[in-house]
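Everything below concerns the one structure shown next.
Taken together, the values in this text are just the output of simple stated rules run on the coordinates, not laboratory data. The shown structure was predicted, so the numbers you read here are calculated from the model rather than taken from an experiment. Heads up, the Cβs are rebuilt from the backbone with ideal geometry, glycines too, and the neighbour counts pull from every protein chain shown.
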Amino acid sequence: LLNRAEFLVPVLMVAVMLVINPRLGNPVVWERISRNWAGVGLLALAITPIVITGGFDLSIGSVVAFAAVVNGFLWRDLGFPLGIALVGSIVAGLAAGIVNGTLVLAGISPLVVTLATLAVFRGLAYGLSGPQPVDDFPQSLATWWEGAFLGLPVPVCLFLLGWIIIYVLVHHTWMGRMIFAIGDNVQAARFAGVPVRTLTFGLYVLSGLMAGVVGLTRVCEFRSARPGEGESEVLELQAVACVVLGGVRITGGAGQVGGTVLGTITLAALLEGMARIPARWRPLITGAFLVAAAIVYEALVRLRTRWEPGAGRD
Amino acid sequence: MGRWASFGILVTALLLPGSGCSRDGAGVKKFRMGMMPKITGIAYFNACEKGAREAADELGIDLHYDGPAKDDIAEQIRMLDQWITEDYDCIAVAPNDPAKIGPVLKRARDRGIAVLTFDADANDNRQYFINQVTYDDIARALVDTMAEEIGAEGEVGVLTSTLQAPNQSEWSRRMKEYQPQKYPKMKLLPEIPSQESSKIGIDKAKDMIQSNPNLKGIIGLTSIAFPAAAEAVEQQNKVGQIHVVGLSTPNEMKKYVKSGTVKTVILWKPVDLGYLTVQVADLVRKGQMKGEGTVSAGRLGAIQVHHGYEVILGPPLKFTSANIDEYDF
């Protein structure tokens, strides 16, 4: 029962926003919101398994910009065909993930590693981009991004694909069980024969790869490879906020992929519902909601350990 | 849980004064206008807001003035997408990118919202562009003033915002066309971007001074770049040898005009630009706007409209040590 109770928090918050701003109830509004938030959702999904293992990836926002810039660099400066440049974005994300994973395996705290690579990949993005960012990708990219597939907006299709992959990985494979085991107690997992190092490395690579895909989508959306991509909205923090709002325990060991999805919808409803609030006040409100959610989740965890000792690792 | 939910409602409700449908006493729906600067929290756009509010009060318009905290086109698009789903009657925006703003402006027009641009134009999908001064007038004023100060001879550097910025690139292009005809002994160096950051601007201006020993002047094209150039000239002890001319607000430049580093500041009145934008919105609402000729815009009187869409505020103003204290924006 309490398992499901966690989902009540985001649902309730969305309900609050619906009361405050009834326009959020209009499905037409959500077409646009889903297009604008699919990228954030993918990043939140990407870091969900890492957070469950007790790790962190703060670098994803910078990796998005890095991957976008690599695309522009390959296409404009090195003259590769656009198709190869697009694949280059994904490879760049993958490479960033390998760097993160390797450093984490070297024994440095994931928070420190990805805080450092947050700066490194942002710096690489600015350096590689030069004084004049690539700004003239063909219109066909934006047309594709604005289009639909099987009646759903293309960004939503990508998000659903990411959801399925992460959901199956976390909740329906032996790796998923090991991910929870690592988050619960690394030492115990190690003694139980869990390949902690391989798995951890793999999750950072996956996260980098997904950030690379988001970088590619940003190129399509804005038809430019902007080194400052994601900086003003602070993408990495939005992704973390989605995960927290979705009830994934930030210290690891507990959480559900569906929670992250709900958390993304909640953050989207929160920020989009505040259209009439001056932009300078919005971070304050977002922060208040985050704190409120964190308190409720903490209370739920305590209740559960009181009622059924040993539970809470779903 | 209920307690926290009600806390959330409370916080949000407190900060939502304008939510719901605004109606005046008679029960008639008020004209709702959203106005978005390139960036918030800088003197220039605060002055625009002041003028916009003045006109909104005069005309009984419900005005929402807000924009991104960074001069970022992506943020502007996201915010405009939100505004489109609110029932605005008119949206006026100062776009950070004239091409990328296009699709979102089209979405607004498709929903029957009147779309204006002010301060900087979009390539299409707007009904009217409220322009401060024609590009030619600004370019000429900058080059003429610089020529006057340095004796129409020598190398002049240009410090801009970014190379894509629509206004700055138009002004640069026209300066480069005008200067060789009128002052053949002057030479304009290629523009250097300052990314609208004072720190980067000062560094770039210092580079410019050090790498061009014959530099006679610097033209600063924004309210960030101009004081940055003046600051660099002071820090390098080049006051009197390198002249600084540019576009900025009097308040940003008073310090440098008083110290003698800067002789002339060129600008229009941003307060009037904001005022005119809301006046034009009102004229559009009443169906009194025209594509060519003059229209009457409140206290500004007769205002010129050209090319079917371009509304011109007027000629540029010059601020010198003689008059700069009369202005406060």
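Summary table below
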read-out: Per-pair calculated FRET efficiency, R0 = 51 Å: B:Ser198 and A:Leu105 via Cβ, rounded to 0.05; value: 0.75
read-out: Rounded to 10°, Cα long-axis angle of helix B:270-285 versus longest principal axis of chain B; value: 40
read-out: Separation in nanometres of the label points that stand 7 Å from Cα toward Cβ, at B:Arg111 and B:Glu310; value: 3.1
read-out: Fewest-first sequence of B:Val143, A:Val194 by Cβ atoms within 10 Å of each Cβ; value: A:Val194, B:Val143
read-out: Value of relative contact order over chain B, rounded to a whole percent, pairs C-alpha under 8 Å and six or more apart; value: 17
read-out: Selected from B:Leu317, B:Thr145, B:His307, residue furthest toward positive end of dipole (chain B; charges at beta carbon); value: B:His307
read-out: Rounded to 5, percent antiparallel among DSSP beta bridges of region B:172-325; value: 55
read-out: For region A:119-169: rounded, prolate or oblate by the Cα gyration tensor [a/c cutoff 1.5]; value: oblate
read-out: Global geometry of region B:279-329, whether rounded, prolate or oblate, following the gyration tensor of its Cα atoms and the 1.5 cut on a/c; value: prolate
read-out: Inter-label distance for B:Gln241 and A:Ile165, nm, one decimal - labels placed 7 Å from Cα along Cα-to-Cβ; value: 6.0
read-out: Trypsin sites (Lys or Arg not before Pro) restricted to region A:212-314 and DSSP loop, no more than 16 other C-beta within 10 Å; value: A:Arg313
read-out: Label-zone membership for region B:259-274, site B:Thr320, 7 angstrom Cα→C-beta point, backbone N under 12 Å; value: B:263-265
read-out: Relative contact order (%) - criterion: Cα under 8 Å, at least six apart; region: chain A; value: 33
read-out: Residues whose placed amide H lies under 5 Å from that of B:Gly154, excluding near-sequence neighbours; value: B:Met186, B:Lys187
read-out: A:Ala254 long-range amide H proximity, modeled H, under 5 Å; value: A:Arg249
read-out: Selected from B:Gly287, B:Gly308, B:Gly60 as most flexible by GNM, with chain B as the system and alpha-carbon contacts under 10 Å; value: B:Gly287
read-out: Beta bridges per DSSP with both ends in the protein assembly as shown, % antiparallel, nearest 5; value: 25
read-out: Most mobile of B:Ala281, B:Ala147, B:Ala99 in a GNM of chain B (Cα contacts under 10 Å); value: B:Ala99
read-out: Span-rule helices in chain A, defined as complete DSSP H runs reaching 20 Å or more along the axis (Cα) with Kyte mean at least 0.0; value: A:2-20, A:27-52, A:82-105, A:110-129, A:154-171, A:196-222, A:257-273, A:282-307
read-out: Anisotropy class of chain A from Cα gyration tensor, a/c 1.5 cut; value: oblate
read-out: Normalised contact order of region B:110-241, rounded percent, pairs of Cα under 8 Å and 6 or more residues apart; value: 25
read-out: Most fluctuating residue given options B:Thr249, B:Thr261, B:Thr294, as computed from a GNM of chain B linking Cα atoms under 10 Å; value: B:Thr294
read-out: Potential extension, B:Leu163-B:Lys29 segment - 0.36 nm per residue separation minus Cα distance; value: 44.0 nm
read-out: Centre separation in Å (Cα based) which lies between region A:267-299 and region B:64-120; value: 23
read-out: Shape box of chain B [Cα atoms, principal axes, largest first, Å]; value: 67, 56, 38
read-out: Distance between region A:101-170 and region B:197-241 - C-alpha centres, whole angstrom; value: 38
read-out: Test item: A:269-279 mean partner chain Cβ contacts at 10 Å; value: 6
read-out: Nonlocal amide H pairs with B:Val93, under 5 Å, H built at 1.01 Å; value: B:Met36, B:Leu116, B:Thr117, B:Phe118
read-out: Cleavage-rule hits (trypsin sites (Lys or Arg not before Pro)) in region B:151-228: DSSP loop, at most 13 neighbouring Cβ within 10 angstrom; value: B:Lys185
